[in-house]
Each structure stands twice: as C-alpha cells, then as structure tokens.
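Data first, discussion second: the structure below is written as structure tokens.
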Ligand code: SF4
C-alpha cells in the first residue's frame, strides 16, 4: 500500500534518523530539516523511518 508522506518541520529536530534509515524517501535539507523526496511512496522503509523519529514529526497517510 502506498503511503502519503507528511513531515512537520516544526517538530523535526534534524537528527537525521529518517534519512539514514530510508534515504530513498527522506532527505535532509540545507536547513537541517527532513523532507520527503517523494510525496507518495511504496518503499517499506518509509514506515521504519517514521517510527524512528523521536518527535513523531513524520506522518504516513493513505495515498
Ligand atoms: S527522524 Fe524526525 S526529527 Fe529526525 S530528521 Fe527525521 S523527521 Fe526530523
């Protein structure tokens, strides 16, 4: 099932965990905030990356 990826920049503390676990879906911007490389994704690691976020900044919804 594809996910729709939403990242709350206010909650992101720039730890890089999501981009480290799932670099195909998440990347760090110049502002050290995570952003989604794809608005929708089928990658299995998208959920692992979201679960790794210490501030629950990543939301995965139905695409
Ligand atoms: S895991 Fe969460 S806090 Fe860390 S960079 Fe990703 S979105 Fe930001």
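Ordering 11-18, 30-37 by mean Cβ neighbour count within 10 Å, with the highest value first, yields 11-18, 30-37. Using the alpha carbons alone, the radius of gyration of segment 3-62 stands to its Kirkwood radius in an Rg to Rh ratio of 0.90.
Rule-based calculations on the coordinates, nothing more; no lab input. Predicted model, so just to flag it, every value in this text is computed and none were measured. FYI the Cβ positions are ideal-geometry reconstructions off the backbone, even for glycines, and counts take in every protein chain you see.
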